[in-house]
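This report concerns only the one structure given below.
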Amino acid sequence: MKKIRTIIGKEWAEVFKNRLVLFSVIFLPLMLTILPLATIWGMSRFPASTEASVSAEEIEFFGDLCVGLTENECVMVYTLSLYTLLFMILPVMIPVTIAAYSIVGEKATRSLEPLLATPITDLELLSGKAIAAIVPAILATWLAYMVYAVGAMIMLGTELALAYVFAPAWVLAIFVVGPLMTFLSVSIAIMVSARVTDPRVAEQLSGLVVLPIILLLVGQSVGWVVVSRDMIYLIGVIVLILDVVLGFITIKSFQRETILTQWK
Amino acid sequence: MIDTENLSKQFGSHTAVDRLTLHIGEGEVFGFLGPNGAGKTTTVRMLTCLIGPTQGRATVMGYEVGKDSQSIRRHVGLLTETPGMYDRLSALKNLTIYAELYEVPDVPGQVEKYLRLLGLWERRQDAAGTFSKGMKQKLAIARALLHEPKILFLDEPTAGLDPEAAKLVRDFILEVKAQGRTIFLTTHNLDEADRLCDRVAVFNQRLRVIDTPQGLRQEMYGRQVVFHLADTAVPYQPTLQNLPYINRLEAIDNKLVVALDDPETHNPELIRLLVSAGANIQFVGELRHSLEDIYLRLVNDD
Ligand SMILES: Nc1ncnc2c1ncn2[C@@H]1O[C@H](COP(=O)(O)OP(=O)(O)OP(=O)(O)O)[C@@H](O)[C@H]1O
Ligand SMILES: [Mg+2]
């Protein structure tokens, strides 16, 4: 356990000296918090139409999202659910950046060999590196989401915010599915980083894990899908299964000899 | 301390190390010489439990490679071919990380001890990336010693260092040897091997020879005495031609090179014979072959 802590401390000391990593860990969450809050602020200041109730085609487009809301509220709730989905990019992108720089960085400085000569187990090293990428990602996501939550409550009023923006499904998405996704993207980032020599390439390749989220986002904004509670459950289960499978593969392939002789 | 038996490593169809059998005793400085790609680093990696042998076995301090790998890692130090420092972190931080990973009891004390010993204490807060090659190498040596290993593996410790830094490192190796530690040293610097090592092995995929540097000289060339004459040496060759104890005789310019087993006994007679034949002897000396001659002869045989 102590060795895992040493590795985590080392990763953070090293990786957070990198501007690109800092950018991804600080700027991305910041942006994703400010953007929806600014939108809410804008929409509540310039209401589109005050009292009109939701039209028939809108009901078709939004599904059960807007039942019992005014049109204005409906648009706002809809927009915010898009932003919440956008939030899911954080738990996926942040660990990818950290893991990519941490692993490709070690390869570039050839620091893996002396490290692997110490009596650390392969699993301890892997855990240290994985945790070092997972924890900041989850914390940054949660922190950003909490700021967003508080801001939305202040501007929207607690009741509306609680009912629609922070519906149990979204809370589940952020607090449970998010960490599961983080785990998945770390596994992928470690596997990809083992095979490339440029951290930016590693980052971009592993970053492809955000693609499904982007697809959902696009799907929802053009009206193909509405991310519902059931869909979030489904995504959670799929990600969990992938976590187990990829986690297993990562642990199996994370061995001294493989690392030294096959990582290029 | 280190014993191997038919230790082999194959990468795909390529054999990097072929049935290496070695026995290295406690406190010995053992030089492992060989050309680029000979399999030196591969051997070191097997003995430090970084990669597994494909055949044969090895024990280090009685622990079996592959079975008690963690015990071996705890007791050996490794200086890798490249220092592999965390360039963004300070020297102090670099060593602290390793001291923790090696479970050193007194981390700050041990780190300070070795930073001071290698003259890096003043620069401890500087990022390792700002260090010169020589300083990085010293830092890497400190790192390899933090846990006071009984056996130290040094993979080309002086490669790429300027003469002064290289001498510093060599002197340090001698200090480490004086503490009774066993040292396994790979190098391309034959002069260095000659000066530092109790025994050397010439290795190129297979073990070619293994002996003390002095023993190797004798084995390969026997002992040779050179007589420097004032004029050309050819006329005096017949004088010594038929002596039974001379193994080989050669006249080159103004030098007579005589190979014989026991120069201490026979040199006086040789000198007398040459003088009475009218030779003007300027110097008499023993011809020492450098380890380089031996090495080149062996490696060129391959
Ligand atoms: N991971 C690997 N995969 C395939 N072949 C390898 C691998 N590592 C080493 N080799 C091969 O094994 C042989 C021995 O390499 P090694 O690095 O042990 O040589 P060396 O004696 O240390 O050379 P140098 O003096 O250049 O450091 C080389 O032919 C090399 O190409
Ligand atoms: Mg080598």
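The values are calculated or read from the model by the stated rules, or taken from the named source; none is laboratory data. Values in this document were obtained by computation on a predicted structure and should not be read as measured data. Note that each Cβ is placed from the backbone with ideal geometry, even for glycine, and that neighbours are counted across all protein chains shown. When the accessible area is computed, the model is the full protein with side chains, heavy atoms only, and any ligands, DNA or RNA have been set aside. Shrake-Rupley method; radii C 1.70, N 1.55, O 1.52, S 1.80 Å.
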Item to check | For the stretch A:216-264: span of alpha carbons on each principal axis (Å, largest first) | outcome: 50, 21, 8
Checklist entry - So how tilted is helix B:263-276 from the main axis of chain B? Cα-based, degrees 0 to 90, rounded to 10. => result 30 degrees
Checklist entry - Running Debye on chain B with equal point scatterers at the Cα sites and no solvent, what base-10 log of I(q)/I(0) appears at q = 0.07 Å⁻¹? => result -0.38
Checklist entry - Can you pull the three principal axis extents for the Cα set of the stretch B:67-109, in Å, largest first? => result 36, 28, 12
Item to check | Cβ-defined net charge surrounding B:V44, 15 Å radius [Lys, Arg +1; Asp, Glu -1] | outcome: +1
Next on the checklist: Restricting things to Cα coordinates, could you compute the convex hull volume per residue of the stretch A:146-264 in Å³?
Outcome noted: 128 Å³
Checklist outcome for this item: Here D for the stretch B:78-190, in µm²/s, from Stokes-Einstein with a Kirkwood Rh over Cα pairs at 37 °C and 0.692 mPa s, works out to 234 µm²/s
Checklist entry - With a sphere of radius 10 Å drawn around the Cβ of B:L146, what net charge do the other residues whose Cβ falls strictly inside it have (Lys, Arg +1; Asp, Glu -1)? => result 0
Checklist entry - Net charge near A:K17, counting Lys/Arg +1 and Asp/Glu -1 over other residues with Cβ under 15 Å of its Cβ? => result -1
Checklist entry - Which percentage, to the nearest 5, of the DSSP beta bridges contained in the protein assembly as shown is antiparallel? => result 70 percent
Next on the checklist: Counting only other chains, and only Cβ atoms inside 10 Å, what mean value do you get across the residues of B:42-54?
Outcome noted: 3
Checklist entry - Over all pairs of distinct alpha carbons, what does the Kirkwood formula give as the hydrodynamic radius of the stretch B:122-186, in Å? => result 12.5 Å
Item to check | chain B: angle of helix B:291-301 to the longest principal axis, Cα-based, in degrees nearest 10 | outcome: 90 degrees
Item to check | the stretch A:86-180: GluC sites (Glu not before Pro) in DSSP coil with no more than 10 other Cβ atoms inside 10 Å | outcome: none
Checklist entry - Considering amide H positions built from the backbone, and no H for Pro or chain starts, which residues 5 or more places from B:T212, or on another chain, come under 5 Å of its amide H? => result B:V200
Next on the checklist: Hydropathy at least 0.5 by Kyte-Doolittle, axial extent at least 15 angstrom from the Cα trace: which helices of chain A, defined as entire DSSP H runs, fit?
Outcome noted: A:28-45, A:71-87, A:89-109, A:122-156, A:178-193, A:211-222, A:229-253
Next on the checklist: Need one value for B:100-107: mean number of C-beta atoms belonging to other chains within 10 Å of its residues' C-beta atoms.
Outcome noted: 4
Item to check | Rg to Rh, two decimals, where the stretch A:93-141 supplies the alpha carbon set and Rh follows Kirkwood | outcome: 1.02
Checklist outcome for this item: What helix-only [θ] at 222 nm does chain B give? Using -39500 (n - 2.57) per DSSP H run of at least 4, over all residues, to the nearest 500, the answer is -11000 deg cm²/dmol
Checklist entry - For the stretch B:168-232, what log10 I(q)/I(0) values come out of the Debye formula at q = 0.13, 0.24 1/Å, with one point per alpha carbon and no solvent? => result -0.50, -1.10
Next on the checklist: Please list, ordered by chain and number, the residues whose modelled amide H lies under 5 Å from the amide H of B:G77; skip anything fewer than 5 residues away on the same chain.
Outcome noted: B:I151, B:L152, B:F153
Checklist entry - Once Rh for the protein assembly as shown is found with the Kirkwood sum over Cα pairs, what is the Stokes-Einstein diffusion coefficient at 20 °C and 1.002 mPa s, in µm²/s? => result 75 µm²/s
Checklist entry - What share of all Cα pairs of chain A, in percent, falls into each consecutive 5 Å distance bin? => result 1, 6, 12, 16, 16, 13, 10, 8, 6, 5, 3, 2, 1, 0, 0
Checklist outcome for this item: Rounded to a whole number, the mean other protein chain Cβ count within 10 angstrom for residues of A:103-109 is 2
Checklist entry - Roughly how many percent of the accessible protein surface of the protein assembly as shown is carbon and sulfur, given a 1.4 Å probe and a whole-percent answer? => result 59 percent
Next on the checklist: Interface size between chain A and chain B, please: total buried accessible area, 1.4 Å probe, rounded to the nearest 100 Å².
Outcome noted: 2600 Å²
Next on the checklist: Could you compute Rg(Cα) / (2.2 N^0.38 Å) for the stretch B:167-206, with N its residue count?
Outcome noted: 1.21
Item to check | Nearest-10 value in Å² for the accessible area of A:V176, using the 1.4 Å probe | outcome: 70 Å²
Checklist entry - Relative contact order for chain B: what is it in percent, counting Cα pairs under 8 Å that are at least 6 residues apart? => result 19 percent
Checklist entry - Stokes-Einstein at 37 °C, 0.692 mPa s, Kirkwood radius from Cα pairs: D for the stretch B:229-302 in µm² s⁻¹? => result 241 µm²/s
Next on the checklist: Taking the square root of 5 times each eigenvalue of the Cα gyration tensor, what semi-axes in Å does the equivalent ellipsoid of the stretch B:32-107 have, largest first?
Outcome noted: 26, 19, 9
Item to check | Between helix B:91-101 and chain B: long-axis angle, C-alpha atoms, 0 to 90°, nearest 10 | outcome: 80 degrees
